[in-house]
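*Asks:* Can you read through this structure? Questions will come right after.
The values are calculated or read from the model by the stated rules, or taken from the named source; none is laboratory data. Just so we're clear, the structure is a prediction, and the values are computed from it rather than from any experiment. Note that we place each Cβ from the backbone using ideal geometry, even for glycine, and neighbour counts take in every protein chain shown. Ligands, DNA and RNA are excluded from the accessible area calculation, which covers all protein heavy atoms including side chains. Shrake-Rupley method; radii C 1.70, N 1.55, O 1.52, S 1.80 Å.
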Amino acid sequence: MEFRSFMQEALAEARAAAARGEVPVGAVVVSPRGQIVAQAGNRTRELSDPSAHAELLAIRAACAAAGSERLIGHDLYVTLEPCAMCAGAIAAARIARLYYGASDPKSGGVAHGARVFSHPQAHHAPEVYDGLAAAEAETLLQDFFAARR
């Protein structure tokens, strides 16, 4: 099957999150057949839930749709490097491939900080591809935070 990026759909979720006053991060879960099975943007403020990150919301919805706690063979597209909490959930769900846009030197948990997937206790490590639409994802975040300063 030919590669098709779903980062534009994740960016649309990030823009919708920003419009709700949330940090603009979006995520999309794609089935092994290349179909979007779940998508979400951050909702931490709206739900008063510090765990309502885009990745977790999308993974929860995809697991519910699959009727399983595992998403074997699925891909996750997210606009920002997942934090350690989200990286742990990605490993637990057995996501096959993680594609992310902007790096997060401050709170990232994949290439920065905890580096969850390279930790000896990680039960699963997805293939990781970074930098997809990174400039657009970074601009969304920079514009969002600049407007709040």
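*Asks:* Give the Rg/Rh ratio for the chain, taking Rg as the radius of gyration of the Cα atoms and Rh as the Kirkwood radius, to two decimals. Don't jump to the answer; show the numbers that get you there.
*Replies:* Values: Rg = 14.1 Å, Rh = 14.9 Å.
A ratio of 0.94.
*Asks:* A further question follows. Please give the Cα centre distance for the range 18-66 versus the range 81-145, rounded to the nearest Å.
*Replies:* Using only Cα atoms, the two centres lie 14 Å from each other.
*Asks:* How far apart, in nm, are two points set 7 Å out from the Cα along the Cα-to-Cβ line at residue 96 and at residue 118?
*Replies:* So the label points at residue 96 and residue 118 sit 2.5 nm apart.
*Asks:* Just to verify a number: FRET efficiency for residue 65 and residue 142, C-beta to C-beta distance, R0 = 25 Å, to 0.05?
*Replies:* 0.15
*Asks:* Report the local net charge at residue 114: Lys and Arg +1, Asp and Glu -1, summed over other residues whose C-beta lies under 14 Å from its C-beta.
*Replies:* Spelling it out: positives minus negatives among the neighbours equals 0.
*Asks:* I've got another one for you. So if R0 is 30 Å, what FRET efficiency would residue 49 and residue 3 give, r being the distance between their Cβ atoms, rounded to the nearest 0.05? Mind dumping the intermediate values first?
*Replies:* Numbers: r = 34 Å, r/R0 = 1.13.
Once rounded, the FRET efficiency stands at 0.35.
*Asks:* Helix-only estimate, please: 222 nm mean residue ellipticity of the chain, summing -39500 (n - 2.57) across DSSP H runs of length 4 or more and dividing by its residues, to the nearest 500.
*Replies:* -11000 deg cm²/dmol
*Asks:* Any chance you could run the full-extension gain for residue 107 through residue 129? It's 0.36 nm times the residue separation minus the Cα-Cα distance, nm to one decimal.
*Replies:* 6.1 nm
*Asks:* Determine, for each peptide in 119-125, 79-85, 38-44, the mean count of other beta carbons within 10 angstrom over its residues, then list the peptides with the highest first.
*Replies:* Result, highest mean first: 79-85, 38-44, 119-125.
*Asks:* Suppose all protein chains stay in the model; what accessible area per residue would a 1.4 Å probe give for the chain, in Å²?
*Replies:* It amounts to 50 Å² per residue over the chain.
*Asks:* Per-residue accessible area for residue 148 at 1.4 Å probe radius, Å² rounded to 10?
*Replies:* 130 Å²
*Asks:* Also, I was wondering about something else. So what's the net charge close to residue 136: Lys and Arg +1, Asp and Glu -1, counting the other residues with Cβ under 12 Å from its Cβ?
*Replies:* Working: positive: 15; negative: 138, 143.
Computed value for this residue: -1.
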